[in-house]
Every structure is written in C-alpha cells, then in structure tokens.
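As structure tokens, the structure follows; a few thoughts come after it.
The values are calculated or read from the model by the stated rules, or taken from the named source; none is laboratory data. Keep in mind the model is a prediction, meaning the values are calculated, not measured. All Cβ positions, glycine included, derive from the backbone under ideal geometry; neighbour counts span all protein chains shown. Ligands, DNA and RNA are stripped out before the accessible areas are found, and what is left, the full protein with its side chains, is counted by its heavy atoms. Shrake-Rupley method; radii C 1.70, N 1.55, O 1.52, S 1.80 Å.
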Amino acid sequence: MSETSPSAETTVAAFDVRMTRFVDAAGTVLAPLPAFAQDPEELRRMYRVMVETRAIDRKAVALQRTGQLGTYASCLGQEAIGTATGIAMHADDVLIPAYRDYAAQFLRGVPAESTFLYWAGDERSMHFPEGTPSRHDFPFSVPIGTHIPQAIGVAYAFRLRKQPRVAVAACGDGATSRGDFYEAVSSAKVWNLPVVFLISNNQWAISLPRARQTGAQTLAQKAIAGGIPGEQVDGNDVIATRHVLERALAAARAGEGPRVIEAVTYRLHDHTTADDARRYRAEDELEDAWTRCPIKRLRACMATLGCWSVADEEELEAQAAARAEAVAQAYFAVQPEMPQAIFDSLYATLPTALGAQRAEVMTAPAPQTEH
Amino acid sequence: MADLNIIEAVNLALKSEMARDENVLVLGEDIGRNGGVFRATVGLLDAYGPERVIDMPLAENLIAAMAIGLSTQGLRPVAEIQFSGFLYPCLDQIANHAARYRNRTRGRITCPLVIRAPNGGGIHAPEHHSESMETFFAHMPGLRVIAPSNPARAYGLLLAAIRDPDPVIFLEPTRCYRLFKQAVEDSGEALPLDTAFVEREGTHLTLVSWGAMMHETRLAADALAQEGVSCELIDVASLKPLDMDTILASVTKTGRCVIVQEAPRAYGPASEIAANLAEHGLLSLFAPVLRVSGYDTVMPLARLEKVYLPDVRRIVAEVRKLLELAPVG
Ligand SMILES: [Mg+2]
C-alpha cells in the first residue's frame, strides 16, 4: 500500500479515452492509413457496401411510406459501422445485433429481403440461411440492450471450448443507460471473455439527446469501471471504424479479453418511420450532421486518392438502385406462412396440451393476410 | 439406492448429469466453494472445476442472460437463482428471449437451459425469499414449468429438464428441502416432463396440488382417510404444459375436486385447472371445483406467513365443505 500518511489523498487510478479518426469530414486523410486501406479495391468495396445499404434502406422507407412495409428503423448515416463490422468479423464469430446493423448482417449473408420481411412481421426473416456466417448470428433485438449480457454466455462458451471466436454485441447509445449493458461490461473481464461491445452512438435515444442520457463525458469510458479498455472511434470514418474493430477482434481472439468501442455517428433519419424527429430535433443540427456523412466522406477521400471517378459513381448508383429494386421484388414474392406456423417452432416438439389449439387454427377460416 | 431428501436429490441429479454430459454446467450465486445457500451444489466445484461450476456476480438478470447465451451455443446451463423473489430480475430475459428464440428464429436458435430456484414460503426467511412464482412462468409461451414434490421426482424431473431442448423453469419446494427422505436410485433415468402423477388412488374426491403444497395435501388426505373419505391424490408436477388428461380422468371417476396451491389465488394454475374442469368435465362433477390457496396479498413476512400458507386444516375444511355440497354415497 501507499507509503504516504493516512490523511494524504493520492491518485489510485487514472484513465484516458482515445478517439481514432483517419479521414475527416471533408475526406482529407489525417494520418497514414492502415494497410487494408492502402488497397484501392478495399476502399471501393467498403464504399459499394455502404451505398448499396443506403439504397436498400431508402427502398424500405419508401415501401413503408406507401403502405407496403410495417414500421421500419432506418440506418441512414450509420452505414459505415455496419460495413466495418461485417468486414472485420470472421465467419465463425457471432454477431449479437440490435436492429440497425443491416450492413453487417448483409455482409454476413442475411438476405436483404429478410430485413424487409422482418419489418413486415414475418419470423422466417430471422431464420438466417445455412452455409453463411449469419447462420450462428443472433436475430434483431428490439428490447433495448437486453441482448448484450447474452454475449457473456456466448463468449464464455467460446472460451470454454478454446475456440478462437469472438462475440460482437452491438447496441446504440440508448442501451448504455441500461443495467443489462453495465452487467455485461462489469463481468466480462472476470472470465477474460472474447467479446467486443460495439456502441453505435447516433446521439439520440428516440427523442432523448446524448447529453440528457448520462453525465458521462464519453460512453466508451463506461468500460473502464468494468476493468476493460474503452475507446472511441469516428463511426462515420469507415476506415477508422474497421481498423479499431479489427484490432479489438484480434485482441479478443488472442486471449486479451473484452473491450468497448463507442463509434460516434449520427442518426440522419427519424428513430423509425413511426417517428417524426422534427418535433424534438433542430433542423440545423441535422444539416450539420449531413456534412459528416460517411458515404460522402469516403467518396471524397477516394476521389482525392484517384481511385474513384464520376463514371464509377454513376455505375454504382445504377447498380445499387437495381439491387434495391430486386430486394423489394424478392420480398414481395414471399407468401405468408401457414397459420399453424405460430405453433410449429414454439417447442422442439409441440406439447400434447397445445394440440387442440393448433388444430383450431388449422380449421379456422383463413385470416386476411397482407404484405 | 440411498435415502435422500429433496436437496440431496437435486444435488445427485446435477452430479449425475454433469458426469454424463460434459456440456452441462451450473452457474449461480455462491454455488461454488460455498455449495449454494441450500447446499444444492455441494461437491460440484471439486468434481468438475470452476469452468463448469461458475460463481456469478450478484446480478440475476446477468445469470439468466448468460444462461441464454451459453445455451444457444449447445451447452446445457443449469442456473440457480438463490431465492424465489430474485427471479423477478430474470423475467425480462426469460420472457423476451429464452422463451422466444426458437419461435422467432423458426428453430434456428434454441435455449436448452434450466433455471432452478427454491419456491414458496414456510421457512421464516427474510422478505422477498418466500414468493410463489409459478403463475408468472406458466403464463409464458415457450417455457416448461416444473414443480417437483418429493426426492425421486426432483431427481428424475431435473434430469429431464436438463436434457429437454427447451427452456425449463424448475421450482423447488423450499420448505420441503429437508422435510423427509425417500429412496432414490441414481439410475440416470429421467421422468416425463409433461405428465401429472397419480400418487394415491381414491374414489370420493380428487385432490390436486404440486410442489410444497403436495406435502400438506398428503397429510390432509391421511386425515380424511381416518374419517373414511377416500382421496385420489394428483401431483401436477408439470405446470406447463399441463397434463389435464390425467386430472380429468380422475375427476371423471370421483366427481369432486379440490385444488391446493400456495401462490396467490387469482389467475394461478389452480384457476386454470378449474377452468379446464368446467370446460371439459362439468358433466362429471357433483359439486363446484374448489380452490385452497394463498391469499391475494403480498407474501407476509415470517410472523404472519402461517396466516397466508394453506395447511392441513384449511384443506380438510374445504373438503368437508365440498362433501356437504355433494355428500358421498
Ligand atoms: Mg441512439
């Protein structure tokens, strides 16, 4: 213990929280890029994923506005985080997402029409396809943050079996107000688990701004109380976000334990299509946030580096629009499940006691179905 | 074959299944070196090590969530919640996640987990330690809810719960943990999870109960036998799914039924059983189905808990009332 006298106060612990950014809002490269970003094809790949995700996202909003989809949560402005996550993760890692991590899910093999199907209200959307990395991923999680401590169990299983796999638990800024988040962050280091907690801080928990969620200076620093590293990254800089995620995943995989990444971004859309942010959010704040758009930023960066042309952009825009349309058509083609489906995945084997209810559903007149 | 009480039978089932299946692990508060506050996990740490016997921080929500995460990876976690009132923080995880993953992923992600907890009062425990929780869980689609009432069933049903591919809430009768012993063979044989047990045959009326109240109900049946009343005794054991066939078959024979439950009366399993008897067994009944239960009050603290808890006196009184409405013979 300290040699100082009992009445003296000494600093027994001190911390700092670092923020990583390689490319600023204007697309200017601020520091030597990580190796992957020195390959123009990698930059184009990330750009393509972001642009296609945005096109699909816009299509979903359009379908909702025209009565062809249920309430939808847009990822507008947050495409870089999902893209970086999907690329950084290994195939046999497990993604435990919230509900705005579409780009990561697409990259891991979730068909985009499943996203539409989910918001249309069809459980089959969460039966991710065999033979893709998403096969072991968790489905969308709507209750805020409750999925996060489940990552402790998933990562514990990896450690118990000595598998070089990592669990990635994704959440928003709102979820970090919850006990679930704290319980997970508080305990992860006890077993030195291979888990990465990824916060997409989009500045808003529906109508509650970041400053009114917590007095904490950063959300990343919430890691520190749990004895694990916490860092910020510019979540609209896809290069920085991928770099930081790859570093965290490699560390977790190498047995260095958990960490928290706060990716700072901005929700450019309403919370969902059922929300109207104009009620509580100033227009000039939104306009300012658009200047930091991750897609615009990488395009400017690539243009400066000479690996992206106007012709490339036009070609990609057309491709992305065609893909979004194809996704919509694939979604329209999915017929509703049979009524008895509400029973058929409830248990491994349906208890006899439920047989009569299932039979009732099967013999009832077919309900009106809708997209 | 050894004479065991219920807590020893639980311990034996855990030991036996951990030996049989390396995917089985236990987690909970004070379950390692301390062996659990009721000693259900004594010896497991030495036998299976800290990786499979996980002492958890004091966060029941985390315990439930971690069990879910483990179970999705094909492990078979058995989580202990120290006292029944501490199950409340787990409700979110159980209702929103454990009970739903199979359905919402159409069978892709499943939760073969068990959450064990002592259930009910009668041991003069502190506040929040004596709640009867079965109604909460029996209302949640996707779960199984088991409430054993003797050592052999505690052993056989716990094996079945661990082996079941779906989430099981396993509510143990706190006050009966050390009340009596029974010969239990470590046979590794599971009992069925969706079957009520006809424990004693009788002709005049059917007494239905589960968990700790089975003990009071047995004593009541003994007392009534002295008066020449022949009771058929059914241990429901599985509250979800509920084996109404066995109960209906008995009531069809006896024409009279009293249901005994420790939980508050309103909306509880006794009400569900009574409603089923009204729907499917009315023409066999000589009299209304009666319920003996805890009152619709907050569970009293130790000094008044006996006022709340159904006992032999209340059960016998209710049976006499029934026999006045519909005399035997
Ligand atoms: Mg937010």
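Counting partner chain Cβ atoms within 10 Å of every residue's Cβ in B:54-65, what's the average? List each step's numbers first, then the result.
Details: counts 4, 1, 2, 4, 1, 8, 1, 7, 12, 4, 4, 11.
Taking the mean over all residues of the peptide, I get 5.
Non-local amide H neighbours of B:Arg200 (under 5 Å, H modeled in plane, Pro and chain starts lacking H): which ones?
B:Leu233
Put B:Ser84, B:Ser271 in order of accessible area, largest first, 1.4 Å probe: what do you get? List each step's numbers first, then the result.
Numbers: B:Ser84 0, B:Ser271 30 Å².
Reading off the accessible areas and sorting them downward yields B:Ser271, B:Ser84.
Give me the dipole magnitude in Debye, nearest 20, for the protein assembly as shown about the Cα centre, with unit charges on the beta carbon: positive for Lys and Arg, negative for Asp and Glu. Intermediate results must be reported in sequence, preceding the final value.
Working: 67 positive and 85 negative charges, 38 e Å.
Charge dipole of the protein assembly as shown: 180 debye, to the nearest 20.
Which order do peptides A:248-256, A:335-343 fall in by mean Cβ count within 10 Å, highest first? Write out the running numbers ahead of the final one.
On the way: A:248-256: 17.0, A:335-343: 14.2.
Descending packing order for the listed peptides: A:248-256, A:335-343.
May I ask you to give the solvent-accessible area per residue for chain A, in square angstrom, as obtained with a 1.4 angstrom probe?
Details: 15970 Å² over 371 residues.
On a per-residue basis, chain A sits at 43 Å².
For the peptides B:289-300, A:61-72, what is the packing order when you average, over each peptide's residues, the other Cβ atoms within 10 Å and list the highest mean first? Provide the component values of the computation, followed by the final result.
Values: B:289-300: 18.3, A:61-72: 16.3.
So the peptides B:289-300, A:61-72, ranked by packing, come out B:289-300, A:61-72.
Grab the beta carbon distance between A:Glu337 and A:Thr10, set R0 = 60 Å, and tell me the FRET efficiency rounded to 0.05. Mind dumping the intermediate values first?
Values: r = 65 Å, r/R0 = 1.08.
Between A:Glu337 and A:Thr10 the formula returns 0.40.
Would you mind telling me the antiparallel percentage of the DSSP bridges in the protein assembly as shown, rounded to 5?
Bridges in the protein assembly as shown are about 15 percent antiparallel.
About its Cα centre, what dipole magnitude does segment B:2-184 give when the only charges are +1 on Lys and Arg Cβ and -1 on Asp and Glu Cβ, stated in debye to the nearest 20?
Numbers: 18 positive and 19 negative charges, 120 e Å.
Rounded to the nearest 20 debye, it is 580 debye.
Interface size between chain A and chain B, please: total buried accessible area, 1.4 Å probe, rounded to the nearest 100 Å².
On the way: alone 17710 and 13700 Å², together 27900 Å².
Accessible area lost upon association: around 3500 Å².
Within 10 Å of each Cβ in peptide B:96-102, how many partner chain Cβ atoms are there on average? Round it to a whole number, please. Before the final figure, lay out the partial values.
Values: counts 5, 6, 1, 1, 4, 5, 4.
Counting other chains' Cβ atoms within 10 Å and averaging over B:96-102 gives 4.
From zero up to wherever the largest Cα-Cα distance of segment A:310-358 sits, split into 10 Å bins and tell me the percent of pairs in each.
20, 24, 17, 16, 14, 7, 1
Using the heavy atoms of the protein chains and a 1.4 angstrom probe, tell me the accessible area per residue for chain B in square angstrom. Don't skip to the answer; put the middle values down first.
Details: 11930 Å² over 329 residues.
For chain B, the per-residue accessible area is 36 Å².
Explain nothing, just the number: relative contact order of segment B:1-111, from Cα pairs under 8 Å at least 6 residues apart, as a whole percent.
On the way: 144 pairs, mean separation 26.9, N = 111.
Averaging sequence separation for qualifying contacts and normalising by length gives 24 percent for segment B:1-111.
Projecting each Cα onto the charge dipole of the protein assembly as shown (Lys/Arg +1, Asp/Glu -1 at the beta carbon, about the Cα centre), which of B:Gly202, A:Pro34, A:Val310 comes out farthest on the positive side?
B:Gly202
If you line up the long axis of helix B:213-226 against the longest principal axis of chain B, both from Cα atoms, how many degrees apart are they, to the nearest 10?
That works out to roughly 30 degrees.
Roughly to the nearest percent, how much of the accessible area of chain B is carbon and sulfur, given a 1.4 Å probe?
Details: 6330 of 11930 Å².
Carbon and sulfur together cover 53 percent of it.
Please report, in Å, the Rg and the Dmax of the protein assembly as shown, where both are computed over Cα atoms only.
29.0, 100
Within chain B, what percent of beta bridges assigned by DSSP are antiparallel, to the nearest 5? Show your work: numbers first, answer last.
Values: 8 of 41 bridges.
The answer is about 20 percent antiparallel.
Which number do you get for Rg(Cα) / (2.2 N^0.38 Å) in chain A? Present the calculation step by step, with values, prior to reporting the outcome.
On the way: Rg = 22.2 Å, N = 371, 2.2 N^0.38 = 20.8 Å.
Working it through for chain A, the quotient is 1.07.
Magnitude of the Cβ-charge dipole of segment A:19-333, K/R +1 and D/E -1, about the Cα centre, nearest 20 debye? Intermediate results must be reported in sequence, preceding the final value.
Values: 34 positive and 38 negative charges, 174 e Å.
The calculated dipole for segment A:19-333 is roughly 840 debye.
Check which residues have an amide H placed less than 5 Å from B:Val42's amide H, if you skip close sequence neighbours.
Residues meeting the criterion, in which the H sits 1.01 Å from N, do not exist here.
For chain B, find the longest principal axis of its Cα atoms and tell me its angle to the long axis of helix B:269-280, 0 to 90°, nearest 10.
On a 0 to 90 degree scale, this one is about 50.
Peptide B:20-30: average number of partner chain Cβ atoms within 10 Å per residue?
On the way: counts 0, 0, 1, 3, 0, 3, 0, 2, 0, 0, 0.
Shielding by partners across B:20-30 averages 1.
Quick check: the angle from helix B:60-72's long axis to the longest principal axis of chain B, C-alpha only, nearest 10 degrees?
70
Given H placed 1.01 Å from N in the peptide plane, which residues other than close sequence neighbours of B:Leu239 have an amide H under 5 Å from its amide H?
For B:Leu239, the qualifying residues are B:Val145, B:Ile146, B:Ala147.
With each run of n ≥ 4 DSSP H residues scored as -39500 (n - 2.57), what mean residue ellipticity at 222 nm is computed for chain B after dividing by its residue count and rounding to the nearest 500 deg cm²/dmol? Intermediate values should be presented prior to the final figure.
Numbers: 11 runs with 110 residues, N = 329.
One gets -10000 deg cm²/dmol as the mean residue ellipticity at 222 nm.
Order of B:34-41, B:111-118, A:170-177 by packing, highest average Cβ count within 10 Å first?
Numbers: B:34-41: 19.9, B:111-118: 26.5, A:170-177: 24.1.
Descending packing order for the listed peptides: B:111-118, A:170-177, B:34-41.
Evaluate the distance, in nm, between pseudo-label points positioned 7 Å from the Cα of A:Glu256 and of B:Glu51 along their respective Cα→Cβ axes.
With each label point 7 Å from Cα toward Cβ, the separation is 2.3 nm.
Just give the residues from segment A:111-144 buried by at least 40 square angstrom of accessible area in the all-chains context relative to the isolated chain, probe 1.4 Å, and say none if nothing qualifies.
By number: A:Glu123, A:Met126, A:His127, A:Phe138, A:Pro139.
Per the 1.4 Å probe, what fraction of the accessible area of chain A, in percent, lies on carbon and sulfur atoms?
Values: 8500 of 15970 Å².
Carbon with sulfur: 53 percent of the solvent-accessible area.
Just read off the accessible area of A:Trp191 with the full protein assembly in place, 1.4 Å probe, to the nearest 10 Å².
It works out to around 30 Å².
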